[in-house]
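Below you'll find the structure, written out as structure tokens, and then a few comments.
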Amino acid sequence: MLEVRAATVAFGAPRSKSLKLALNAVSLVLPAEPSITAIVGESGSGKTTMTRLMLGLLQPTQGTVFYDGLDLRQLDRQAFARYRREVQAVFQDPYSVYNPFYKVDRSLLLPLQRFGLVKNREEAYERIQKCLQAVGLLPGDTLGRYPHQLSGGQRQRIMIARALSLEARVIVADEPVSMVDASLRATILESLYRLKTEQQVSLLYVTHDLTTAYQIADRIVVMYNGQIVEEGEPESVIHAPQHAYTRALVAAVPPPDPSIDWGLDTQALPA
Amino acid sequence: MNDERGGEGFAAGPPQGEMRPLGGQRSTRSDERGGHILDVRDLHVEFPTALGPALAVDGVSFTLDKGMRLGLVGESGSGKSTTVLALMQLIKAPGRISGGQAILAGDDLLAMSAQQMRSVRFSRIALVPQGAMNSLNPVLTVRAQIDDLLDAHGQKPEPKERARHVAGLLQRVGLPENVADQYPHQLSGGMKQRVCIAIAIALSPQVIIADEPTSALDVIVQKQVMQTLIHAQREVGAAIILVGHDMGLMAQFAHVVGVMYAGRLVEIAPVQEIFANPRHPYTRMLISSLPSFATRKVFRGIPGVAPSIVNPPSGCAFHPRCPRAEQRCSREIPVDDVLAPGHHVRCHFARELPPVNAAGEALA
Amino acid sequence: MNKQSPGLLLRTGRLLGGEPLLTAGLTLLVLITLFALVGPLVINVEMAQIGAAVPRQRPGAEYLLGTDVQGRDILAALVLATPQTLKIGFFAGVMGLGLGTILGLLAGYFRGWTDTVIRTLADVVMTIPGIAVLVLVATNVRSMTVALMAVIVAGLAWMYPTRTIRAQTLSMRERPYVDIARLNGVGGVELVFTEIFPNLLPYIAASFVTAVSSAMLATIGLEALGLGPQNELTLGMMIFWAQYYGAILRNLWWWWVPPVAMMALIFIGLLMTSTGMDRLVNRRLRVEA
């Protein structure tokens, strides 16, 4: 459904020393059936650049991005509007995705009106309330407020509700829980997981946290330095990693069980 | 130079899942250390607000032994950072320390004058601050910044001795000597963090406070930095207080773990004990909400929202979210209950909770 | 889309209450504006005309601020001149800031050629000394009026706001909420004015005060040199006439002291307002963080 083919994204002047390849001839396919794909990588791996490519916020220097088989750059107005509606995003920072000048209602109302999904305000609010409830929020507690009056967890869930209300087919979530308190993370991850099982929405979950990726993904893609180094089912990627980087990544996650030796207390220092 | 990972290869540790017997782990045997090096008693820190004073830290007490690693864990607003900053009198006005004592080897840190505190900071109690990588002065070399600290405390004025000391510090944190003459922007995140650790141990303090030292770092570098921290601690024989929100890291790093909620220390116990037998509902739910490589598709979040310290819930601050809560919980603040040596809990029902299994689920 | 008025007013009212310097500055400016608006209704402005009163009178019972060598009642002249000066400063400030904001927003958001052109233009015009341009225009124009002065001063006041607003826009366009707006299908100029512009309002408000005061200063300076409107009374022209007729040498202090005092009050009011606003914004940032 959403495909990136041999994409390279380069920053900096060509043939110069400062040329940086954020993505290097990367290919990835999100299938049509609802699924959860996790992209795991650290800073500089290219995972965020990948999300921006898929969201159409960035053009590849080389390569193509396809939506339903059509090149994004060649979509006509109508098809592009459909793409915009069906591919939605949830970003990392729940604090800066809202324009502080407006109430949060606007984030929910505006896209509904622009995409012509509702005929009037009543219809819009009806739909919004249903979606808020679907992610476990009380409309009375969240609507009519300014962003700074809500918690990080609430703000993130409103963004998910927004994607739902637009009848999105794919949600691209870039580190959606890393800035949220630990106790709320599981709840938000559950909302995202249920999007697949209950709403038939696919999820592209981008994170540096291997354990949460393991929790919800049907497929894990490991990225390093602008390339995909490993890809597969969570069980095999985590418990039988093939690539040295994946192995290092798995070994670097502290197991929440003091009886397991993580190798922290070594005599020799890492060089 | 900047790619720490590229230069060293990947640090390969033992594959996860390899179990070792409990006895051989970091133990809290008292013959490893002397008596208490730090004794914090009933610490209170408040901030004035429009609705009255907000207690960011509400009666926190704990002890720290020499060579011990204490982990303070909690979410945003729990008061864990405020607690450790208070120990160094780094609370910015209008906040103020409104009560309690912090006895470091016989001297009360909270009762010291500004001048006394200045001589104590970094020489007896040091800090690796949150976002430490951004606390390095971008226009000074690493050497200049360490020199600054040594000069401020009148240490090692003789140039040759000074240079030797700086080289020694860098070696202790696993950095090559030439780092001393580099600027912060030339170093990677992990290297900058290690420079901050080097600065923290420069005067061989008795206590090192690390406030979320790895939160901005990638997970592979995180492990390296934590290894460096332990190594550095051993070199100077200091005790460490690690403040963080990652229980997984605490499980691997700390000897004793203290859990904070809404400014109160709700549970504190040796690490094996707190994971095997957590007695506060919040601790239990926190541990069971942790994702691990053991299970998939199970989500156990804690319902509700984090408490506001400006307008906290009455009685036990956790009662609005607690599955075990009763009438009593909204009226009475739970007092400190000692369940076993070193295991304190603040919950009315701590003794009555059923035991838990490895996944943190209650049995029976 | 945004019914902000009630919420915003309430919030503004509460905010103002907390910052005494801002309230004091605004009060002073309001009083001066009242003086300018109500004055002509209370005081007989006919007395400000040449030969209307007995010349060279000291301040006394009949002429509260005395009269000048041409027989103008100084108090009446002040009542006439103050609103003119305020008008020039205000309109020049608004025009300059307005133009600067629009250019800065466009340059900062769209980058590319738009940015290059606007930026180069601003940089080039910034280096031309305003006095030179004004002298040129003043000597070539048949009669300088208040309106023309305002336009010229505005034409030389837009560059700095353009640069600063452009800088602000450059950083704001990277905010995630701008990305979300793009994902909503909002683009181009509409995005600039619905997403970025509202968040620049506090900054623009603060810049407005600076813009107005520098516009006033520029006009007063030019008027004092004799390049101002000859047939209309402004505070700067009062000083020019006073100096032209040797008021200082002849010790006719009541001629130049009142306009200077009035100007001082205006600038103090503006300074208190801008400092107060600055403190207010910083305090709010500190509390919210």
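The values are calculated or read from the model by the stated rules, or taken from the named source; none is laboratory data. Bear in mind the structure is a predicted one, so any value in this text is a computation, not a measurement. Note: ideal-geometry Cβ built from the backbone for every residue, glycine included; neighbour counts use all protein chains shown. Heads up: the accessible areas ignore ligands, DNA and RNA and are worked out on the full protein's heavy atoms, side chains in. Shrake-Rupley method; radii C 1.70, N 1.55, O 1.52, S 1.80 Å.
Quick notes on this one:
- Top-ranked residue in the stretch A:171-182 [being outside any loop (DSSP other than H, G, I, E, B) and surrounded by fewer than 23 Cβ atoms within 10 Å (Cβ to Cβ); ranked as nearest to the other protein chains (Cβ to nearest Cβ)]: A:182
- Among the numbered conditions (1) farther than 28 Å from residue A:171 by Cβ; (2) modelled with pLDDT under 90, the only one that residue A:208 does not meet is (1).
- Residue check, residue B:78 farther than 30 Å from residue B:182 by Cβ, among the polar types (S, T, N, Q), modelled with pLDDT under 90 and in contact with a Leu (Cβ under 9 Å, 6 or more places away or on another chain): yes
- Odd one out for residue B:234, checked against (1) in a helix (DSSP H, G or I); (2) at the interface with another protein chain (Cβ under 10 Å from one of its Cβ atoms); (3) closer than 26 Å to residue B:42 by Cα: (3)
- Only one of the listed residues (C:97, C:106, C:75, C:86) is surrounded by 23 or more Cβ atoms within 10 Å (Cβ to Cβ) and not in a loop (DSSP other than H, G, I, E, B). That residue is C:97.
- Under the condition of being within 14 Å of chain B (Cβ to nearest Cβ) and over 13 Å from residue A:96 (Cα atoms), the residues counted in the stretch A:135-150 number 8.
- Residue within the stretch A:206-218 that is away from chain B (no Cβ under 13 Å) and open to solvent by less than 30 Å² (accessible area, probe 1.4 Å) present: yes
- Residue check: residue B:248 meets all listed conditions (1) open to solvent by less than 40 Å² (accessible area, probe 1.4 Å); (2) within 11 Å of chain A (Cβ to nearest Cβ); (3) part of a loop (DSSP other than H, G, I, E, B); (4) closer than 28 Å to residue B:351 by Cα but one, namely (3).
- Extreme residue, nearest to residue A:111 (Cα to Cα), among residues of the stretch A:41-92 that are open to solvent by 70 Å² or more (accessible area, probe 1.4 Å) and either of a type in the set (Gly, Ala, Ser) or within 14 Å of chain B (Cβ to nearest Cβ) (or both): A:92
- Filter pass, residue B:322 being crowded, with 24+ Cβ neighbours inside 10 Å and without any contact (Cβ under 8 Å) to a residue 60 or more places away in the chain: no
- Filtered residue count, the stretch A:115-129, keeping only those that are acidic (Asp, Glu) and open to solvent by less than 40 Å² (accessible area, probe 1.4 Å): 0
- Lone unmet requirement of (1) open to solvent by 30 Å² or more (accessible area, probe 1.4 Å); (2) assigned to a helix (DSSP H, G or I); (3) modelled with pLDDT under 85 for residue C:250: (2)
- Any hit, the stretch B:202-219, residues being under 16 Å from the mean Cα position of the chain (by Cα), facing chain A (nearest Cβ under 9 Å) and free of Cβ contacts under 8 Å to residues at least 60 places away in the same chain: no
- For residue A:153: the one exception among (1) open to solvent by 10 Å² or more (accessible area, probe 1.4 Å); (2) part of a helix (DSSP H, G or I); (3) within 14 Å of chain B (Cβ to nearest Cβ); (4) among the small types (Gly, Ala, Ser): (1)
- Residue among C:186, C:178 that alone is over 24 Å from the mean Cα position of the chain (by Cα), outside any helix (DSSP H, G or I) and within 10 Å of chain A (Cβ to nearest Cβ): C:186
- Reported count of residues in the stretch A:94-114, each being part of a loop (DSSP other than H, G, I, E, B) and facing chain C (nearest Cβ under 7 Å), is 7.
- With respect to the conditions (1) closer than 21 Å to residue A:158 by Cα; (2) open to solvent by less than 10 Å² (accessible area, probe 1.4 Å), residue A:23 lacks only one, and its number is (1).
- Among the residues listed as B:76, B:81, the single one being closer than 23 Å to residue B:216 by Cβ, among the polar types (S, T, N, Q) and surrounded by fewer than 18 Cβ atoms within 10 Å (Cβ to Cβ): B:76
- Wholly enclosed helices (runs of 4 or more DSSP H) of the stretch B:107-211 bearing at least 1 residues open to solvent by 70 Å² or more (accessible area, probe 1.4 Å): B:114-120, B:142-152, B:159-172
Residues checked against (1) within 14 Å of chain A (Cβ to nearest Cβ); (2) of a type outside the set (Gly, Ala, Ser):
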residue: C:143; (1), (2): no, no
residue: C:150; (1), (2): no, no
residue: C:172; (1), (2): yes, yes
residue: C:194; (1), (2): yes, yes
residue: C:200; (1), (2): yes, yes
residue: C:220; (1), (2): no, yes
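- Selection status of residue C:200, open to solvent by less than 10 Å² (accessible area, probe 1.4 Å) and either outside any loop (DSSP other than H, G, I, E, B) or closer than 14 Å to residue C:84 by Cα (or both): yes
Residue-by-condition table, conditions (1) within 16 Å of the chain's Cα centre (by Cα); (2) at the interface with chain A (Cβ under 8 Å from one of its Cβ atoms); (3) open to solvent by 50 Å² or more (accessible area, probe 1.4 Å):
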| position | (1), (2), (3) |
| --- | --- |
| B:226 | yes, yes, no |
| B:240 | yes, no, no |
| B:267 | yes, no, no |
| B:276 | no, no, yes |
| B:293 | no, yes, no |
| B:298 | no, yes, yes |
| B:301 | no, yes, no |
| B:304 | no, no, no |
| B:316 | no, no, no |
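- Enumeration of residues in the stretch A:219-229 that are under 15 Å from residue A:27 (Cβ atoms) and buried (at least 20 other Cβ atoms within 10 Å of the Cβ): A:221, A:222, A:223, A:226, A:228
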